Amino acid sequence: MLKKRTLTKKIILILGISLFFSSMIFAGPNENAGIRFDLDAATYGNQNDTTMTAPSVGDYIRVDVYAINVHNLDTYEFEVIYNHNQLDYITATATNPITYEPNILTTNGGTALGWMIDTSTPGVLSIAYTLAGTDTLEAPEGEGLIADIVFQSLTINQGLLTFGDVHFHDSFGVIDIITDKGIAILFEYGNVDGTVTALDTGEPIEGAIVSIENTSDITVPDGTYLLEYIPVGIQDITCTAEGYFDTTDVLEVLEDQTVTIDFTLEPIPYGTLNGTVTDSNTNAPIEDALITAISQGRVEYTCSTNADGYYIIDSLLASELVGNYTVTCDAGNAYLFGEETDVEIVEGDTTTVNFVLEP
């Protein structure tokens, strides 16, 4: 067993960051372990501090990373995802140089080696570390520090620190994908929720998009939405849904609170245009005639007749919005061009325009 473990370690060290995350993953003792950020890196131990006041340009941000609920931890590999346009990576160490907090891998008397950092992908910081030796009793349990990282702020506006792929290995080579992953929020924030309904029916609207800057959510069948981690202060919020007019409002986001704002959307008035195209001499239907409906140059709709000479264009904007339409019919060189002007499209109704074309 010890020889197998030693061979596994050698393979890990040789492959290094280039083979950071193997595809051969097995559920093991660390499948319920987790990983967390702590923004209070000046205090010994995990303070679970995951929010901060937005830093100024040039400020340094020190963050500790902790593994939690680990069992027989031998090696870890993880990615920190950040916005490289907002943050500049400065350095990362296996221990905290301010509090002298040790790395979790050395807490049972073991020695760690192979501290590896990869910053080749912008916005992705990859770190790996492993225990030396073959004594499985040195593999730690519980919670402990696995990295101390320093960034520098490049902009006033900041976002989130998140984890990408995270793998924990135990002493026997079993690898677990870690899914219990925390985040760090580099600004003061609040949440926004609410319900989107239709003005005409009062029914909830599913699939509406509610947005504040780059954060958005899509309403579920009961019309509700939730926007999380919104910077505090005055914000513009927009709600859009297919078939309804867009709506924009202004609200104040409060720190550590959820502000509720509901939307009642007015449906866009639509009507339908249909008709037939026939030959004036034979009364036979004309197939593939091109029908075009144009309203004051603002909107244009097209369709073609079927084998029965029939056409239909639904969901035309009503004339109350865009004015009346000019409807044309083009059946090619075999027929004269057809045109009907001042065609009114009424909300919820069907307007019929038939064309009888002369050869």
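The values are calculated or read from the model by the stated rules, or taken from the named source; none is laboratory data. Quick caveat: nothing in here was measured; it's all calculated off a predicted structure. Using ideal geometry, Cβ is built from the backbone for each residue, glycine included, and neighbour counts are taken over all protein chains shown. Surface areas here come from the heavy atoms of the whole protein model, side chains and all, with no ligands, DNA or RNA. Shrake-Rupley method; radii C 1.70, N 1.55, O 1.52, S 1.80 Å.
Sub-6 Å Cβ pairs linking a first residue in region 212-239 that is at positive phi to a second residue that is assigned to a loop (DSSP other than H, G, I, E, B) and open to solvent by less than 20 Å² (accessible area, probe 1.4 Å), at least 6 apart or interchain, are Gly223/Ile205, ordered by first then second residue.
The rows are residues; the columns are (1) open to solvent by 60 Å² or more (accessible area, probe 1.4 Å); (2) of a type in the set (Asp, Glu); (3) more than 22 Å from Leu39 (Cα to Cα).
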{"site": "Ile90", "(1), (2), (3)": "yes, no, no"}
{"site": "Ala94", "(1), (2), (3)": "no, no, no"}
{"site": "Leu105", "(1), (2), (3)": "no, no, no"}
{"site": "Gly110", "(1), (2), (3)": "no, no, yes"}
{"site": "Leu113", "(1), (2), (3)": "yes, no, yes"}
{"site": "Ile117", "(1), (2), (3)": "yes, no, no"}
{"site": "Tyr129", "(1), (2), (3)": "no, no, no"}
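Could you tell me whether any residue of region 199-222 is closer than 30 Å to His84 by Cα and out of contact with any strand residue (DSSP E or B) (no Cβ under 6 Å at 6 or more places or on another chain)? So far as region 199-222 goes, yes, one or more of its residues are closer than 30 Å to His84 by Cα and out of contact with any strand residue (DSSP E or B) (no Cβ under 6 Å at 6 or more places or on another chain).
Matching residues to (1) at pLDDT 95 or above; (2) touching a Leu at 6+ places or on another chain (Cβ under 7 Å):
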| position | (1), (2) |
| --- | --- |
| Asp193 | yes, yes |
| Ser211 | yes, no |
| Pro221 | yes, no |
| Tyr229 | no, yes |
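Every residue, every condition in (1) under 19 Å from the mean Cα position of the chain (by Cα); (2) open to solvent by 10 Å² or more (accessible area, probe 1.4 Å); (3) in contact (Cβ under 8 Å) with a residue 12 or more places away in the chain, yes or no:
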{"site": "Ala139", "(1), (2), (3)": "no, no, yes"}
{"site": "Gly142", "(1), (2), (3)": "no, yes, yes"}
{"site": "Ala147", "(1), (2), (3)": "no, no, yes"}
{"site": "Asn157", "(1), (2), (3)": "yes, yes, yes"}
{"site": "Leu160", "(1), (2), (3)": "yes, yes, yes"}
{"site": "Phe163", "(1), (2), (3)": "yes, yes, yes"}
{"site": "His169", "(1), (2), (3)": "no, yes, yes"}
{"site": "Val174", "(1), (2), (3)": "no, yes, yes"}
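Touching a residue at least 12 places away in the same chain (Cβ under 8 Å), open to solvent by less than 30 Å² (accessible area, probe 1.4 Å) and touching a Phe, Trp or Tyr at 6+ places or on another chain (Cβ under 6 Å), is that true of Ile261? When the stated conditions are applied, Ile261 does not pass them.
Would you confirm, using the coordinates I've provided, whether Tyr310 is among the aromatic types (Phe, Trp, Tyr), surrounded by 17 or more Cβ atoms within 10 Å (Cβ to Cβ) and within 22 Å of Gly348 (Cβ to Cβ)? Give the derivation first.
Working: among the aromatic types (Phe, Trp, Tyr): yes; surrounded by 17 or more Cβ atoms within 10 Å (Cβ to Cβ): no; within 22 Å of Gly348 (Cβ to Cβ): yes.
So Tyr310 fails the test.
Yes/no matrix, rows are residues, columns are (1) assigned to a strand (DSSP E or B); (2) more than 25 Å from Asn108 (Cα to Cα); (3) touching a helix residue (DSSP H, G or I) at 6+ places or on another chain (Cβ under 6 Å):
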site: Ala147; (1), (2), (3): yes, no, no
site: Ile156; (1), (2), (3): no, yes, no
site: Phe163; (1), (2), (3): yes, yes, no
site: Val166; (1), (2), (3): yes, no, no
site: His169; (1), (2), (3): yes, no, no
site: Gly173; (1), (2), (3): no, no, yes
site: Asp176; (1), (2), (3): yes, no, no
site: Phe187; (1), (2), (3): no, yes, no
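Annotation: Pro204 fulfils all but one of (1) touching a Pro at 6+ places or on another chain (Cβ under 9 Å); (2) modelled with pLDDT of 95 or more; (3) open to solvent by less than 50 Å² (accessible area, probe 1.4 Å); (4) not charged (D, E, K, R); the unmet one is (3). Scanning region 321-359 for residues that are open to solvent by 20 Å² or more (accessible area, probe 1.4 Å), among the aliphatic types (A, V, I, L, M) and in contact with a strand residue (DSSP E or B) (Cβ under 7 Å, 6 or more places away or on another chain) yields a count of 4.
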